[in-house]
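For reference, the structure discussed in these notes is given below.
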Amino acid sequence: MKNIVILTGAGISAESGIDTFRDSGGLWEQHRVEDVATPEAFARDPDLVLRFYDMRRAAIQTKEPNAAHHALARLDRAWHGGGRDLTIVTQNVDDLHERAGAERLIHMHGTHLTAWCLACDGKPAWRGALLDRPACPECGVSGRLRPDIVWFGEMPYDMDRIYHALNRADLFVSIGTSGAVYPAAGFVREARMNGVRTLELNLEPSQGSRWFDEARHGPASELVPAWVDELLNAEI
Ligand code: OAD
């Protein structure tokens, strides 16, 4: 086993107290996607969209990584040398993977902690609110910053890098994602077509569960550290 690609979703941050999207009581039960997570929604009612993301950005900064984030960071630190490579692709827009110490990380749906300036195309680090239409720290233009989040109908980030990693992987592991949103939901089939072994770690069977060679069901804070231990012990 040399090259590992790990996909994470909202389920890995659930035990840190961040709402998932599609579980009962999840974010998409409280808000309509069409109202807050599309470019059309932003054009129609920017205040509503900015307020939604300002609240989410403030909330994630009060949360801490859990045992699953820490276990992946431990694997990221350990999985070097002998041609071994690892890529963590997250759909999450929180920063709990990096706060746990993971470095080889791709945020395919963007992140709360950068903003995107539509005037200069800059991506300044951002922690505060966007609702009051602040100036871009890079170009000084006011009122053109939007959340650096990939909305429905927009292209996820770094797809070339992700498919490149998937195509040379030996193992694909999907953690805490419902398998409802493409292109991420299609990674397991892409991996299978390339003969890559596939493993699901999720609270319950995801929509794509049948595509995995193996599926383990339970909370990420238990499954992920156990799997990382297993992998590292087997490699020694
Ligand atoms: P979902 O809310 O669709 O799915 C979360 C998954 O995590 C579900 O299958 C749960 O069963 C599982 N889960 C919940 N708690 C868990 C726990 N403690 N341990 C392990 N698994 C647990 O979230 P995503 O699949 O991440 O996109 O959603 C994908 C995308 O849809 C998001 O990135 C977001 C959303 O719309 C954008 O905003 C662009």
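The values are calculated or read from the model by the stated rules, or taken from the named source; none is laboratory data. Note that the coordinates shown come from a computational prediction; the quantities given were computed from them, not determined experimentally. Ideal geometry is used to build each Cβ from the backbone, glycine not excepted, and the neighbour counts take in all protein chains shown. The protein model used for the area step is the full one, side chains on, heavy atoms only, and it has no ligands, DNA or RNA in it. Shrake-Rupley method; radii C 1.70, N 1.55, O 1.52, S 1.80 Å.
Laid out as a table, the results:
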{"quantity": "Count of region 148-192 residues which are assigned to a strand (DSSP E or B) and either within 20 Å of residue 13 (Cα to Cα) or of a type in the set (Phe, Trp, Tyr) (or both)", "calculated": "6"}
{"quantity": "Residue 111 more than 28 Å from residue 46 (Cβ to Cβ) and part of a strand (DSSP E or B)", "calculated": "no"}
{"quantity": "Index of the failed condition, residue 194 passing every other in (1) at pLDDT below 95; (2) near the ligand (Cβ under 8 Å from one of its atoms)", "calculated": "(2)"}
{"quantity": "Condition check for residue 97: open to solvent by less than 30 Å² (accessible area, probe 1.4 Å), part of a helix (DSSP H, G or I) and within 16 Å of the ligand (Cβ to nearest atom)", "calculated": "yes"}
{"quantity": "Elements of type helices (runs of 4 or more DSSP H) contained in region 1-63, each with 3 or more residues being buried (at least 20 other Cβ atoms within 10 Å of the Cβ) and of a type outside the set (Val, Ile, Thr)", "calculated": "11-14, 46-60"}
{"quantity": "Among residues of region 1-41, those that are among the acidic types (Asp, Glu) and either modelled with pLDDT of 95 or more or under 15 Å from residue 64 (Cα atoms) (or both), counted", "calculated": "3"}
{"quantity": "Filtered residues of region 130-147 (kept if open to solvent by 20 Å² or more (accessible area, probe 1.4 Å) and assigned to a loop (DSSP other than H, G, I, E, B))", "calculated": "131, 132, 133, 134, 137, 138, 139, 140, 141, 143, 144"}
{"quantity": "Filtered residues of region 197-236 (kept if more than 16 Å from the ligand (Cβ to nearest atom) and either part of a helix (DSSP H, G or I) or among the hydrophobic types (A, V, I, L, M, F, W, C) (or both))", "calculated": "229, 230, 231, 232, 233, 234, 235, 236"}
